[in-house]
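Everything on this sheet refers to the single structure shown next.
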Amino acid sequence: MREAGAAPVGRSGVRSRWSWDTSARKGGESMMAREDWSEFPGNQEQHGSESAQPLMTLTYRSRATGAMSPAGLRQLREMAAARNRAEGVTGVVLYDNQRFFQWLEGPPDGVARVWSSISRDPRHTDIEAISVHAAPTRLFGQWDMRLSTSREEMADLRGMSPGLIHPEAERLATLAIGTDSDAVRGLIADVFGRYESLQTVTEQLIEPAARRLSDLWSSGDCSEYEVTLGLCRLQTSMRVLMADSVPDIADEPLVVLVAPLPGEIHLLGATLGAEATWQAGWETELRFPSTEEALKKIVATNWFDAVDLSLSPANQREHRIPSMEKIIATVRRASQNPALVVVAGGRAFYDRLATSSDVGADASHASAAQVTQAIEQARRGRL
Ligand SMILES: Cc1cc2nc3c(=O)[nH]c(=O)nc-3n(C[C@H](O)[C@H](O)[C@H](O)COP(=O)(O)O)c2cc1C
């Protein structure tokens, strides 16, 4: 088991140097010359005892050449996990109705070697790369290779969203589970071009689309595979959109930690929240602690003025409210800052299934775009 490591988003400049390649290839053909992989910039990986090295992420989807039996899938996963462990690669593979989606992350050399084998594997075809980019941290650091096949796996999370949805957000949700990644990025860029506002794009487009995807899954109109693919596309598209936007540092920047609640399955909310605090000119650390203990260690060994913890922006996750309350209490006790401000977010707060007092936070927000306002409001309340 690995502990998810992390690197600061803040001033590293990594965002503006992220690379992107969506060129689709059919099975058997590597989508990128081997030499190109060494070009990937990378933040220094802080990953347990591993030596510092760049980290990259590759996602793709494909079609199985024949139906996979449970035994066949188990064998594939076990073999993949063993080799990935040796290569320092982690990730998740989803299988649904003869389709695969896989997220691979690790050192460029390891990911390249594994990808080279995968792309030659006769068990699947129509292999379409979705994204390749340098990554500041692992998202699935605790899984050498997680396999998921079950739509029912998260059935207890089901719930329908009230409220209306902007037609463009509806369209984005449809595009996000379609075949055209360029159309996803195009629509987001188009809306951003019209409003020039990260807040508008986050609140009116990305988050409603994420909720829509979850609702489609709840009503059985799309699969877990598609939701994961869609959220992944939204997340990477937002990173690409904001890659060249380097904000001025605020006069007195707050130091903030932005993280999903340990154990959360969707990380989009935290990445959007970090984008908001970073664009506000604050010193931002985006972390993905896999356990309460890992989170405790982060706040015990670093100074933060404020911490933002979030549940999924897509699923309601109200069953996690009690653990959020417990974890926030732990964070306060462990923090170097006795006056730490803690704010909470996620769909549960958007849908009003929880309030800040339910989880012991100083404030909550209905959108990741409002993290800065929530923190400022909580700080004003302290004066
Ligand atoms: C959908 C799919 C996902 C796979 N994922 C991995 C993986 O994550 N890691 C891995 O080592 N092999 C994975 N494999 C198996 C590889 O394709 C390949 O069989 C294995 O790495 C042995 O490679 P080699 O025979 O070229 O050495 C996957 C295969 C398929 C069909």
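Here, each number is a calculation from the coordinates, and none is a lab measurement. Everything numeric here is computed off the predicted structure, so don't read it as measured data. Please note: Cβ atoms are built from the backbone with ideal geometry, for glycine as well, and neighbour counts cover all protein chains shown.
A few notes on this one:
- Gain in span if fully extended, residue 255 to residue 330, counting 0.36 nm per residue against the direct Cα distance: 25.1 nm
- Each other residue within a Cβ distance under 10 Å of residue 87 adds +1 if Lys or Arg and -1 if Asp or Glu, for a net charge of +1.
- The value of relative contact order for region 186-242, using C-alpha pairs under 8 Å at least six residues apart, is 34 percent.
- Percent of Cα pairs exceeding the 18 Å cut-off, where the set is region 255-382: 43 percent
- As a proxy for reagent exposure, ranking 213, 267 by other Cβ atoms within 10 Å from fewest up yields 267, 213.
- Shape category assigned to region 241-306 from the gyration tensor of Cα positions, a/c cut at 1.5: oblate
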